[in-house]
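Trainee: First the structure, then my questions, so here it is.
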Amino acid sequence: MKCIDEAQMQRYLDSECGQVEGEEIRQHLAQCRSCSDSFTKYSERLAKVKRSLGLLIAQQTLIPEFKVPTRTTQQRGVILIYILPLVAAASLLLLFILRPFYKAEKLPPNELYLQSYISADFDANKPVAEYPLIMTIIAPDGSVSQTIIN
């Protein structure tokens, strides 16, 4: 192996080189006196720089383990077990209580019922008079007649 350069020394000191490369660098430092001296000087210089920056000790930010709050699961259980069926029962009870007060609109027995609508796709740029109009007439006896007006 040829002599080590500064970039390789830096990778070795930062433990960024692979296992094979690290082993080769260790063997070369054991055999080559000039590289060993350069490595010692480089590591001392790096230690001084780290000391001056206050980074001598590697600081690891530890993130505490996230604990799932148990209270929400208890609240969800209470809602599903007690409150949801209670709301459903109350709404059904309210429906049965208010049902007699609801009166559907009934047609008077002897009158005609007239319903008209436009049965085409609606285009807001066209005047309403250009659309066909369908009139449905329902007589009191139940007979139905339709008329298309253009």
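Trainee: Cut-off under 18 Å on the C-alpha distance; same-chain residues fewer than 8 positions from LYS2 excluded. Which aspartates and glutamates are left, in chain and number order?
Mentor: Reachable aspartates and glutamates: GLU21, GLU23, GLU24, ASP37.
Trainee: Ok, one more. So how do 87-99, 23-35 stack up, highest first, on mean other-Cβ count within 10 Å?
Mentor: Those peptides, ordered most packed to least, come out 23-35, 87-99.
Trainee: Please turn the phi angles of the range 136-143 into ³J(HN,Hα) values with the Karplus equation 6.51 cos²θ - 1.76 cosθ + 1.60 (θ = phi - 60°), one per residue in order, whole Hz, x for glycine and proline.
Mentor: Computed from phi, the couplings for the range 136-143 are 10, 10, 10, 7, x, 7, x, 6 Hz.
Trainee: Next question, about the same structure. For a protection proxy built on the mean count of beta-carbon atoms within 10 angstrom, sort 39-47, 138-146 highest first, please.
Mentor: 39-47, 138-146
Trainee: Give me the distance in nm between label points sitting 7 Å out from Cα along the Cα-to-Cβ direction at VAL78 and ILE149, one decimal.
Mentor: Simple spin-label model gives 6.3 nm for this pair.
Throughout, read-outs are computed from the coordinates displayed, never taken from laboratory work. Computed from a predicted model, the values in this text were never measured in an experiment. When we count neighbours, we look across all protein chains shown, and the Cβ atoms used for this are built from the backbone with ideal geometry, even at glycine.
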